[in-house]
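The values are calculated or read from the model by the stated rules, or taken from the named source; none is laboratory data. Small disclaimer: the values here were computed from a predicted structure and weren't measured. So basically every Cβ, Gly included, is an ideal-geometry build from the backbone, and we count neighbours across all protein chains shown. The area values use the complete protein model at the heavy-atom level, side chains included, leaving out ligands, DNA and RNA. Shrake-Rupley method; radii C 1.70, N 1.55, O 1.52, S 1.80 Å.
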Amino acid sequence: MGSTAISRADGQSTNGRSTSAIIVTGLALFSMFFGAGNLIFPPMLAVQAGDNFWPALIGFLVTASLLPVLAVIAIALSGSNLRDLAQRAGTAFGVVFPVLAYLSIGAFYALPRTGAVSFETAITPLFGFDSLVASGIFNVVFFGIALALSWNPTTIMEKLGKFLTPALLVLLIVMISVSAFRWSAEPATPQEPYDNGPLTSGLLEGYLTMDSIAALAFSIVVISTLRGRGFKEGAPLVSGTIYAGVGAGAMLALVYVGLGVIGRVMPGASNFDNGAGLLAEASNLTMGGAGQAVFSAIVLLACLTTAVGLITATAEYFSEQFPGSYHVWAVIFAVASMIMATQGLDFVMAIAAPVIGFLYPPAITLIALTLIEPAFRARTRFSWAFFVPLWVAVVWSAIETFISLDWAADALRPIVQWAPLAAEGLGWVVPVVVAFIIGLIVDLAKPKPAMIPGTMESIEGEDLSAEGDAAPVLQS
(Lines give C-alpha, C1' and ligand atoms only; values in the text may rest on other atoms or scores of the structure.)
Protein backbone atom coordinates (compact mmCIF):
# COMPACT_ATOMS: atom_id res chain seq x y z
CA MET A 1 0.00 0.00 0.00
CA GLY A 2 2.87 2.38 0.85
CA SER A 3 4.58 2.80 -2.52
CA THR A 4 1.31 3.24 -4.36
CA ALA A 5 0.03 5.82 -1.92
CA ILE A 6 3.24 7.78 -1.87
CA SER A 7 3.59 7.85 -5.64
CA ARG A 8 0.05 9.14 -5.99
CA ALA A 9 0.82 12.01 -3.62
CA ASP A 10 2.54 13.97 -6.37
CA GLY A 11 1.98 11.83 -9.47
CA GLN A 12 5.51 10.44 -9.74
CA SER A 13 6.70 6.83 -9.52
CA THR A 14 9.47 7.76 -7.13
CA ASN A 15 8.60 10.38 -4.64
CA GLY A 16 11.53 11.41 -2.48
CA ARG A 17 9.80 14.57 -1.36
CA SER A 18 6.80 12.66 0.00
CA THR A 19 9.03 10.13 1.76
CA SER A 20 11.02 12.99 3.25
CA ALA A 21 7.80 14.64 4.42
CA ILE A 22 6.71 11.44 6.15
CA ILE A 23 10.08 11.06 7.88
CA VAL A 24 10.15 14.66 9.07
CA THR A 25 6.53 14.41 10.23
CA GLY A 26 7.27 11.16 12.08
CA LEU A 27 10.23 12.76 13.84
CA ALA A 28 8.09 15.75 14.79
CA LEU A 29 5.29 13.51 16.08
CA PHE A 30 7.81 11.61 18.21
CA SER A 31 9.04 14.87 19.72
CA MET A 32 5.47 15.98 20.49
CA PHE A 33 4.84 12.67 22.27
CA PHE A 34 8.14 12.54 24.09
CA GLY A 35 8.11 14.90 27.05
CA ALA A 36 9.82 14.76 30.42
CA GLY A 37 7.16 12.42 31.78
CA ASN A 38 8.08 9.89 29.11
CA LEU A 39 11.72 10.40 30.03
CA ILE A 40 11.45 9.64 33.74
CA PHE A 41 8.91 6.78 33.84
CA PRO A 42 10.93 3.90 32.24
CA PRO A 43 14.01 4.13 34.55
CA MET A 44 11.89 3.95 37.71
CA LEU A 45 9.84 1.13 36.22
CA ALA A 46 13.10 -0.76 35.75
CA VAL A 47 14.20 -0.12 39.34
CA GLN A 48 10.88 -1.22 40.83
CA ALA A 49 10.36 -4.19 38.51
CA GLY A 50 13.78 -5.72 39.21
CA ASP A 51 13.95 -9.20 37.72
CA ASN A 52 10.45 -8.67 36.29
CA PHE A 53 11.82 -5.91 34.10
CA TRP A 54 10.90 -7.32 30.68
CA PRO A 55 7.24 -8.21 31.32
CA ALA A 56 6.77 -4.85 33.04
CA LEU A 57 8.43 -3.00 30.17
CA ILE A 58 6.35 -4.87 27.58
CA GLY A 59 3.18 -3.78 29.39
CA PHE A 60 4.46 -0.21 29.46
CA LEU A 61 5.23 -0.29 25.73
CA VAL A 62 1.69 -1.46 24.94
CA THR A 63 0.03 1.62 26.42
CA ALA A 64 2.88 4.12 26.00
CA SER A 65 3.94 3.24 22.45
CA LEU A 66 1.57 0.83 20.67
CA LEU A 67 -1.68 2.46 21.82
CA PRO A 68 -0.69 5.95 20.58
CA VAL A 69 0.13 4.43 17.18
CA LEU A 70 -3.28 2.73 17.11
CA ALA A 71 -4.90 6.06 17.96
CA VAL A 72 -3.18 7.74 15.00
CA ILE A 73 -4.27 4.88 12.73
CA ALA A 74 -7.84 5.11 14.05
CA ILE A 75 -8.11 8.82 13.27
CA ALA A 76 -6.49 8.30 9.85
CA LEU A 77 -8.78 5.42 8.83
CA SER A 78 -11.92 7.11 10.09
CA GLY A 79 -11.28 10.27 8.12
CA SER A 80 -12.66 12.14 11.13
CA ASN A 81 -11.31 14.33 13.87
CA LEU A 82 -11.77 13.49 17.54
CA ARG A 83 -15.05 15.36 17.87
CA ASP A 84 -16.58 13.68 14.81
CA LEU A 85 -15.64 10.27 16.18
CA ALA A 86 -16.94 11.04 19.67
CA GLN A 87 -20.17 12.46 18.24
CA ARG A 88 -21.20 8.94 17.24
CA ALA A 89 -21.79 8.18 20.91
CA GLY A 90 -24.25 11.06 21.20
CA THR A 91 -24.10 14.84 21.38
CA ALA A 92 -23.17 14.98 25.06
CA PHE A 93 -20.22 12.64 24.67
CA GLY A 94 -19.26 14.29 21.39
CA VAL A 95 -18.92 17.68 23.07
CA VAL A 96 -17.65 16.85 26.56
CA PHE A 97 -15.12 14.11 25.86
CA PRO A 98 -13.05 15.98 23.23
CA VAL A 99 -12.98 19.11 25.40
CA LEU A 100 -11.77 17.14 28.44
CA ALA A 101 -9.25 15.27 26.30
CA TYR A 102 -7.78 18.46 24.86
CA LEU A 103 -7.74 20.17 28.25
CA SER A 104 -5.99 17.17 29.81
CA ILE A 105 -3.19 17.38 27.26
CA GLY A 106 -3.41 21.16 27.42
CA ALA A 107 -3.83 23.53 30.33
CA PHE A 108 -5.15 20.93 32.82
CA TYR A 109 -2.07 18.73 32.93
CA ALA A 110 0.37 17.85 30.16
CA LEU A 111 1.15 21.40 29.04
CA PRO A 112 1.89 22.93 32.48
CA ARG A 113 3.75 19.71 33.34
CA THR A 114 6.29 20.49 30.63
CA GLY A 115 7.22 23.75 32.36
CA ALA A 116 7.09 22.37 35.90
CA VAL A 117 9.23 19.34 35.08
CA SER A 118 11.72 21.44 33.12
CA PHE A 119 12.28 23.75 36.07
CA GLU A 120 12.42 21.08 38.77
CA THR A 121 14.58 18.53 36.93
CA ALA A 122 16.73 20.67 34.62
CA ILE A 123 17.11 24.17 36.06
CA THR A 124 17.08 23.60 39.82
CA PRO A 125 19.73 20.81 39.87
CA LEU A 126 21.99 22.68 37.44
CA PHE A 127 21.78 26.21 38.87
CA GLY A 128 20.27 25.74 42.33
CA PHE A 129 17.27 28.02 41.71
CA ASP A 130 14.18 26.76 43.54
CA SER A 131 12.14 29.81 44.58
CA LEU A 132 8.65 30.71 43.37
CA VAL A 133 10.07 33.83 41.71
CA ALA A 134 12.69 31.81 39.84
CA SER A 135 10.02 29.33 38.75
CA GLY A 136 7.85 32.19 37.51
CA ILE A 137 10.66 33.80 35.51
CA PHE A 138 11.66 30.48 33.97
CA ASN A 139 8.11 29.59 32.97
CA VAL A 140 7.54 33.01 31.39
CA VAL A 141 10.60 32.40 29.20
CA PHE A 142 9.80 28.73 28.56
CA PHE A 143 6.20 29.22 27.47
CA GLY A 144 7.12 32.39 25.60
CA ILE A 145 9.53 30.37 23.43
CA ALA A 146 6.98 27.56 23.02
CA LEU A 147 4.31 30.07 21.99
CA ALA A 148 6.64 31.71 19.46
CA LEU A 149 7.52 28.34 17.90
CA SER A 150 3.85 27.37 17.65
CA TRP A 151 2.66 30.75 16.32
CA ASN A 152 2.53 29.45 12.75
CA PRO A 153 0.97 25.96 12.93
CA THR A 154 1.62 25.19 9.26
CA THR A 155 5.39 25.08 9.83
CA ILE A 156 5.44 23.37 13.23
CA MET A 157 6.24 19.90 11.89
CA GLU A 158 9.21 21.21 9.92
CA LYS A 159 10.58 23.09 12.93
CA LEU A 160 10.30 20.06 15.18
CA GLY A 161 11.18 17.35 12.69
CA LYS A 162 14.22 19.01 11.12
CA PHE A 163 15.83 20.70 14.09
CA LEU A 164 14.64 20.04 17.63
CA THR A 165 13.94 16.30 17.38
CA PRO A 166 17.33 15.29 15.90
CA ALA A 167 19.06 17.26 18.67
CA LEU A 168 16.94 15.50 21.29
CA LEU A 169 17.62 12.07 19.79
CA VAL A 170 21.39 12.64 19.64
CA LEU A 171 21.49 13.55 23.33
CA LEU A 172 19.36 10.54 24.27
CA ILE A 173 21.47 8.15 22.22
CA VAL A 174 24.68 9.39 23.83
CA MET A 175 23.36 8.94 27.37
CA ILE A 176 21.76 5.55 26.71
CA SER A 177 24.74 4.13 24.80
CA VAL A 178 27.36 5.15 27.37
CA SER A 179 25.27 3.75 30.22
CA ALA A 180 24.50 0.45 28.50
CA PHE A 181 28.14 -0.23 27.63
CA ARG A 182 29.59 0.85 30.97
CA TRP A 183 27.37 -1.11 33.39
CA SER A 184 25.63 -4.50 33.55
CA ALA A 185 22.46 -5.55 35.31
CA GLU A 186 22.51 -7.23 38.72
CA PRO A 187 19.72 -9.46 40.12
CA ALA A 188 17.10 -7.39 41.94
CA THR A 189 13.96 -8.29 43.87
CA PRO A 190 10.78 -6.82 42.32
CA GLN A 191 8.97 -4.20 44.39
CA GLU A 192 5.25 -3.49 44.55
CA PRO A 193 3.30 -3.41 42.32
CA TYR A 194 5.67 -5.26 39.96
CA ASP A 195 6.19 -8.25 42.24
CA ASN A 196 2.74 -9.58 41.33
CA GLY A 197 1.38 -8.92 37.83
CA PRO A 198 4.25 -6.92 36.32
CA LEU A 199 2.64 -6.88 32.86
CA THR A 200 -0.56 -5.27 34.14
CA SER A 201 1.39 -2.83 36.33
CA GLY A 202 3.42 -1.80 33.28
CA LEU A 203 0.21 -1.25 31.31
CA LEU A 204 -1.14 1.10 33.97
CA GLU A 205 2.18 2.96 34.23
CA GLY A 206 2.03 3.62 30.49
CA TYR A 207 -1.25 5.49 31.00
CA LEU A 208 0.64 8.27 32.75
CA THR A 209 2.43 9.33 29.59
CA MET A 210 -0.95 10.56 28.26
CA ASP A 211 0.23 9.80 24.73
CA SER A 212 -2.80 7.74 23.73
CA ILE A 213 -5.08 10.71 24.35
CA ALA A 214 -2.53 13.10 22.87
CA ALA A 215 -2.41 10.97 19.71
CA LEU A 216 -6.12 11.56 19.13
CA ALA A 217 -5.36 15.27 19.12
CA PHE A 218 -1.96 15.30 17.38
CA SER A 219 -3.33 13.35 14.43
CA ILE A 220 -5.12 16.48 13.25
CA VAL A 221 -1.79 18.32 13.10
CA VAL A 222 -0.17 15.42 11.23
CA ILE A 223 -2.97 15.18 8.67
CA SER A 224 -3.07 18.94 8.04
CA THR A 225 0.72 19.03 7.67
CA LEU A 226 0.82 16.19 5.13
CA ARG A 227 -2.12 17.68 3.26
CA GLY A 228 -0.17 20.92 3.01
CA ARG A 229 2.82 18.98 1.66
CA GLY A 230 0.79 17.70 -1.29
CA PHE A 231 -0.72 14.43 -0.03
CA LYS A 232 -4.10 13.97 -1.67
CA GLU A 233 -7.25 13.04 0.22
CA GLY A 234 -8.00 9.34 0.57
CA ALA A 235 -5.40 6.58 0.50
CA PRO A 236 -2.28 8.76 0.01
CA LEU A 237 -3.06 11.01 2.96
CA VAL A 238 -4.12 8.13 5.20
CA SER A 239 -1.06 6.08 4.28
CA GLY A 240 1.28 8.98 4.99
CA THR A 241 -0.37 9.58 8.37
CA ILE A 242 -0.09 5.91 9.33
CA TYR A 243 3.57 5.70 8.29
CA ALA A 244 4.38 8.82 10.33
CA GLY A 245 2.53 7.38 13.33
CA VAL A 246 4.23 3.99 13.11
CA GLY A 247 7.64 5.66 12.78
CA ALA A 248 7.01 7.84 15.84
CA GLY A 249 5.80 4.82 17.82
CA ALA A 250 8.85 2.77 16.89
CA MET A 251 11.17 5.57 18.02
CA LEU A 252 9.26 5.86 21.28
CA ALA A 253 9.60 2.14 21.93
CA LEU A 254 13.36 2.11 21.26
CA VAL A 255 13.98 5.10 23.52
CA TYR A 256 11.82 3.60 26.28
CA VAL A 257 13.81 0.36 26.15
CA GLY A 258 17.08 2.33 26.33
CA LEU A 259 15.90 4.43 29.29
CA GLY A 260 14.66 1.30 31.04
CA VAL A 261 18.05 -0.31 30.57
CA ILE A 262 19.68 2.67 32.28
CA GLY A 263 17.47 2.16 35.33
CA ARG A 264 18.24 -1.55 35.32
CA VAL A 265 22.03 -1.36 35.06
CA MET A 266 23.00 1.85 36.88
CA PRO A 267 24.78 1.22 40.22
CA GLY A 268 22.75 2.47 43.18
CA ALA A 269 19.62 3.08 41.10
CA SER A 270 17.42 1.77 43.90
CA ASN A 271 18.47 4.72 46.07
CA PHE A 272 16.44 7.14 43.95
CA ASP A 273 12.72 7.79 44.39
CA ASN A 274 12.14 9.34 40.96
CA GLY A 275 13.41 8.93 37.43
CA ALA A 276 14.65 12.48 37.10
CA GLY A 277 17.23 12.15 39.85
CA LEU A 278 18.26 8.74 38.58
CA LEU A 279 18.91 9.96 35.05
CA ALA A 280 20.71 13.05 36.29
CA GLU A 281 23.08 10.85 38.30
CA ALA A 282 23.50 8.48 35.36
CA SER A 283 24.56 11.45 33.24
CA ASN A 284 27.06 12.54 35.89
CA LEU A 285 28.53 9.05 36.26
CA THR A 286 28.85 8.43 32.53
CA MET A 287 29.92 11.86 31.30
CA GLY A 288 31.53 13.54 34.28
CA GLY A 289 30.97 17.21 34.96
CA ALA A 290 29.19 17.73 31.66
CA GLY A 291 26.66 15.02 32.49
CA GLN A 292 24.21 17.26 34.34
CA ALA A 293 24.33 19.81 31.52
CA VAL A 294 23.58 17.07 28.98
CA PHE A 295 20.67 15.77 31.04
CA SER A 296 19.29 19.29 31.52
CA ALA A 297 19.48 19.83 27.76
CA ILE A 298 17.58 16.56 27.16
CA VAL A 299 14.85 17.55 29.61
CA LEU A 300 14.49 21.07 28.20
CA LEU A 301 14.33 19.87 24.60
CA ALA A 302 11.88 17.07 25.42
CA CYS A 303 9.60 19.43 27.30
CA LEU A 304 9.86 22.24 24.77
CA THR A 305 9.01 20.08 21.76
CA THR A 306 6.05 18.60 23.61
CA ALA A 307 4.84 22.04 24.73
CA VAL A 308 4.94 23.31 21.15
CA GLY A 309 2.91 20.35 19.92
CA LEU A 310 0.37 20.67 22.72
CA ILE A 311 -0.18 24.39 22.19
CA THR A 312 -0.60 23.84 18.46
CA ALA A 313 -3.05 20.93 18.75
CA THR A 314 -5.22 22.40 21.48
CA ALA A 315 -5.36 25.89 19.97
CA GLU A 316 -6.28 24.47 16.55
CA TYR A 317 -9.11 22.40 18.02
CA PHE A 318 -10.58 25.14 20.19
CA SER A 319 -10.38 27.70 17.38
CA GLU A 320 -12.35 25.32 15.15
CA GLN A 321 -15.00 24.46 17.72
CA PHE A 322 -15.40 27.69 19.72
CA PRO A 323 -15.23 31.46 19.12
CA GLY A 324 -11.73 32.90 18.98
CA SER A 325 -8.82 32.65 16.57
CA TYR A 326 -5.96 30.14 16.73
CA HIS A 327 -3.62 32.80 18.09
CA VAL A 328 -6.06 33.84 20.82
CA TRP A 329 -6.43 30.28 22.06
CA ALA A 330 -2.68 29.67 21.81
CA VAL A 331 -2.04 32.67 24.07
CA ILE A 332 -4.77 31.57 26.51
CA PHE A 333 -3.34 28.06 26.89
CA ALA A 334 0.25 29.26 27.10
CA VAL A 335 -0.55 31.82 29.82
CA ALA A 336 -2.78 29.43 31.81
CA SER A 337 -0.10 26.72 31.67
CA MET A 338 2.58 29.20 32.70
CA ILE A 339 0.58 30.14 35.80
CA MET A 340 -0.08 26.51 36.77
CA ALA A 341 3.50 25.40 36.09
CA THR A 342 4.84 28.15 38.35
CA GLN A 343 2.97 26.52 41.27
CA GLY A 344 4.98 23.33 40.83
CA LEU A 345 4.52 19.74 39.67
CA ASP A 346 2.58 18.60 42.76
CA PHE A 347 -0.03 21.30 42.15
CA VAL A 348 -0.41 20.24 38.52
CA MET A 349 -0.73 16.55 39.42
CA ALA A 350 -3.36 17.22 42.10
CA ILE A 351 -5.64 18.85 39.53
CA ALA A 352 -4.97 16.41 36.71
CA ALA A 353 -5.00 12.95 38.29
CA PRO A 354 -8.81 12.49 38.46
CA VAL A 355 -9.27 13.72 34.87
CA ILE A 356 -6.59 11.35 33.56
CA GLY A 357 -8.08 8.35 35.34
CA PHE A 358 -11.54 9.17 33.98
CA LEU A 359 -10.51 9.67 30.36
CA TYR A 360 -8.48 6.56 29.61
CA PRO A 361 -11.19 3.84 29.53
CA PRO A 362 -13.45 5.74 27.08
CA ALA A 363 -10.40 6.83 25.04
CA ILE A 364 -9.15 3.25 24.64
CA THR A 365 -12.70 2.09 23.87
CA LEU A 366 -13.07 4.78 21.19
CA ILE A 367 -9.77 3.77 19.56
CA ALA A 368 -10.65 0.05 19.63
CA LEU A 369 -14.12 0.54 18.15
CA THR A 370 -12.78 2.70 15.33
CA LEU A 371 -10.20 0.06 14.42
CA ILE A 372 -12.66 -2.85 14.67
CA GLU A 373 -15.49 -1.32 12.63
CA PRO A 374 -13.93 -1.80 9.16
CA ALA A 375 -14.04 -5.58 9.67
CA PHE A 376 -17.85 -5.38 9.85
CA ARG A 377 -18.42 -2.75 7.17
CA ALA A 378 -19.79 -5.30 4.68
CA ARG A 379 -22.52 -6.22 7.16
CA THR A 380 -23.28 -3.07 9.12
CA ARG A 381 -22.11 0.33 10.28
CA PHE A 382 -21.70 0.53 14.04
CA SER A 383 -24.48 2.38 15.82
CA TRP A 384 -25.39 0.62 19.06
CA ALA A 385 -22.01 -1.12 18.96
CA PHE A 386 -20.46 2.33 19.26
CA PHE A 387 -22.94 3.94 21.63
CA VAL A 388 -23.38 1.24 24.28
CA PRO A 389 -19.74 0.28 25.03
CA LEU A 390 -18.59 3.91 25.07
CA TRP A 391 -21.22 4.87 27.63
CA VAL A 392 -20.47 1.79 29.71
CA ALA A 393 -16.82 2.90 29.71
CA VAL A 394 -17.83 6.45 30.70
CA VAL A 395 -20.11 5.38 33.55
CA TRP A 396 -17.70 2.75 34.83
CA SER A 397 -14.78 5.15 34.70
CA ALA A 398 -16.80 7.87 36.45
CA ILE A 399 -17.66 5.49 39.29
CA GLU A 400 -14.03 4.49 39.74
CA THR A 401 -12.98 8.15 39.66
CA PHE A 402 -15.51 8.99 42.41
CA ILE A 403 -14.16 6.09 44.47
CA SER A 404 -10.58 7.33 44.03
CA LEU A 405 -11.69 10.75 45.27
CA ASP A 406 -13.53 9.10 48.20
CA TRP A 407 -16.88 10.44 47.04
CA ALA A 408 -19.52 7.99 48.29
CA ALA A 409 -16.85 5.29 47.93
CA ASP A 410 -18.53 2.79 50.28
CA ALA A 411 -21.76 2.92 48.30
CA LEU A 412 -20.12 2.82 44.88
CA ARG A 413 -17.38 0.23 45.43
CA PRO A 414 -19.72 -2.85 45.31
CA ILE A 415 -20.96 -1.71 41.88
CA VAL A 416 -17.54 -2.22 40.25
CA GLN A 417 -15.41 -4.43 42.48
CA TRP A 418 -17.00 -7.69 41.25
CA ALA A 419 -15.59 -7.31 37.72
CA PRO A 420 -12.64 -9.39 36.51
CA LEU A 421 -9.35 -7.42 36.62
CA ALA A 422 -10.89 -4.87 39.00
CA ALA A 423 -8.01 -5.30 41.44
CA GLU A 424 -5.57 -4.47 38.63
CA GLY A 425 -7.41 -1.28 37.69
CA LEU A 426 -8.86 -2.80 34.50
CA GLY A 427 -12.32 -3.73 35.75
CA TRP A 428 -13.95 -1.76 32.94
CA VAL A 429 -12.59 -4.05 30.19
CA VAL A 430 -14.97 -7.02 30.50
CA PRO A 431 -18.16 -4.91 30.90
CA VAL A 432 -17.17 -2.86 27.84
CA VAL A 433 -16.54 -6.01 25.78
CA VAL A 434 -19.93 -7.44 26.82
CA ALA A 435 -21.60 -4.12 25.95
CA PHE A 436 -19.92 -4.16 22.54
CA ILE A 437 -21.17 -7.69 21.81
CA ILE A 438 -24.71 -6.72 22.76
CA GLY A 439 -24.58 -3.57 20.65
CA LEU A 440 -23.10 -5.48 17.71
CA ILE A 441 -25.86 -8.08 17.84
CA VAL A 442 -28.47 -5.31 17.71
CA ASP A 443 -26.69 -3.64 14.76
CA LEU A 444 -26.36 -6.90 12.84
CA ALA A 445 -30.03 -7.67 13.38
CA LYS A 446 -31.01 -4.45 11.61
CA PRO A 447 -31.23 -4.59 7.82
CA LYS A 448 -28.51 -2.59 6.11
CA PRO A 449 -30.03 0.45 4.33
CA ALA A 450 -30.20 0.16 0.57
CA MET A 451 -28.03 2.68 -1.26
CA ILE A 452 -29.16 5.21 -3.84
CA PRO A 453 -27.01 4.48 -6.92
CA GLY A 454 -24.13 6.93 -7.38
CA THR A 455 -24.47 8.52 -3.91
CA MET A 456 -23.37 7.92 -0.34
CA GLU A 457 -26.97 8.25 0.85
CA SER A 458 -29.35 5.48 1.83
CA ILE A 459 -32.88 5.24 0.50
CA GLU A 460 -34.07 6.01 4.02
CA GLY A 461 -32.12 9.27 3.85
CA GLU A 462 -29.19 8.37 6.10
CA ASP A 463 -25.92 10.04 5.17
CA LEU A 464 -23.24 7.35 4.99
CA SER A 465 -20.41 9.61 3.87
CA ALA A 466 -18.34 8.79 6.96
CA GLU A 467 -18.43 5.17 5.91
CA GLY A 468 -17.38 6.10 2.44
CA ASP A 469 -14.42 8.16 3.62
CA ALA A 470 -12.45 5.12 4.68
CA ALA A 471 -13.54 2.77 1.90
CA PRO A 472 -10.83 3.79 -0.61
CA VAL A 473 -8.20 3.19 2.05
CA LEU A 474 -9.33 -0.36 2.60
CA GLN A 475 -9.32 -1.00 -1.14
CA SER A 476 -5.81 0.31 -1.57
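The table below lists the values:
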item	result
Complete set of residues in segment 371-406 that are outside any helix (DSSP H, G or I), farther than 15 Å from Ala89 by Cβ and over 25 Å from the mean Cα position of the chain (by Cα)	Arg377, Ala378, Arg379, Thr380, Asp406
Top-ranked residue in segment 269-286 [being more than 21 Å from Thr189 (Cβ to Cβ) and among the polar types (S, T, N, Q); ranked as surrounded by the fewest Cβ atoms within 10 Å (Cβ to Cβ)]	Asn284
Candidates Gly258, Gly206, Gly289, Gly240 - the one that is in a helix (DSSP H, G or I), surrounded by fewer than 17 Cβ atoms within 10 Å (Cβ to Cβ) and not aliphatic (A, V, I, L, M)	Gly289
Verdict on Leu126 being modelled with pLDDT of 90 or more, assigned to a helix (DSSP H, G or I) and of a type outside the set (D, E, K, R)	no
Matching entry among Ala76, Ala56 (being under 24 Å from Leu203 (Cα atoms), assigned to a helix (DSSP H, G or I) and at pLDDT 85 or above)	Ala56
Filter result for Ala419 (under 26 Å from the mean Cα position of the chain (by Cα) and hydrophobic (A, V, I, L, M, F, W, C))	no
Hits in segment 402-446 - residues which are open to solvent by 90 Å² or more (accessible area, probe 1.4 Å) and acidic (Asp, Glu)	Asp406, Asp410
Top-ranked residue in segment 29-81 [being within 21 Å of Tyr317 (Cα to Cα) and of a type in the set (Ser, Thr, Tyr); ranked as nearest to the chain's Cα centre (by Cα)]	Ser31
Cβ pairs under 6 Å, 6+ apart, first in segment 72-101 and under 28 Å from Ala28 (Cα atoms) and open to solvent by 20 Å² or more (accessible area, probe 1.4 Å), second of a type outside the set (A, V, I, L, M, F, W, C) and at pLDDT below 85	Gly79/Asp469
Scan of segment 79-113 for residues that are outside any helix (DSSP H, G or I) and touching a Phe, Trp or Tyr at 6+ places or on another chain (Cβ under 7 Å), ordered by number	Arg88, Ala89, Gly90, Gly106, Ala107
Subset tally (residues that are among the hydrophobic types (A, V, I, L, M, F, W, C) and open to solvent by 10 Å² or more (accessible area, probe 1.4 Å)) for segment 292-329	10
Only one of Ala297, Ala352, Ala378 that is of a type in the set (A, V, I, L, M), more than 28 Å from Ser135 (Cβ to Cβ) and at pLDDT below 90	Ala378
Test for Ala110: is it open to solvent by less than 20 Å² (accessible area, probe 1.4 Å), touching a Leu at 6+ places or on another chain (Cβ under 9 Å), on the phi < 0 side of the Ramachandran plot and among the hydrophobic types (A, V, I, L, M, F, W, C)	yes
Selection status of Thr155, of a type in the set (Ser, Thr, Tyr), modelled with pLDDT under 90 and assigned to a helix (DSSP H, G or I)	yes
Complete set of residues in segment 165-197 that are open to solvent by less than 40 Å² (accessible area, probe 1.4 Å) and modelled with pLDDT of 90 or more	Pro190, Tyr194
Test: Gly50 is in contact (Cβ under 8 Å) with a residue 12 or more places away in the chain, open to solvent by less than 20 Å² (accessible area, probe 1.4 Å), part of a helix (DSSP H, G or I) and out of contact with any Leu (no Cβ under 8 Å at 6 or more places or on another chain)	yes
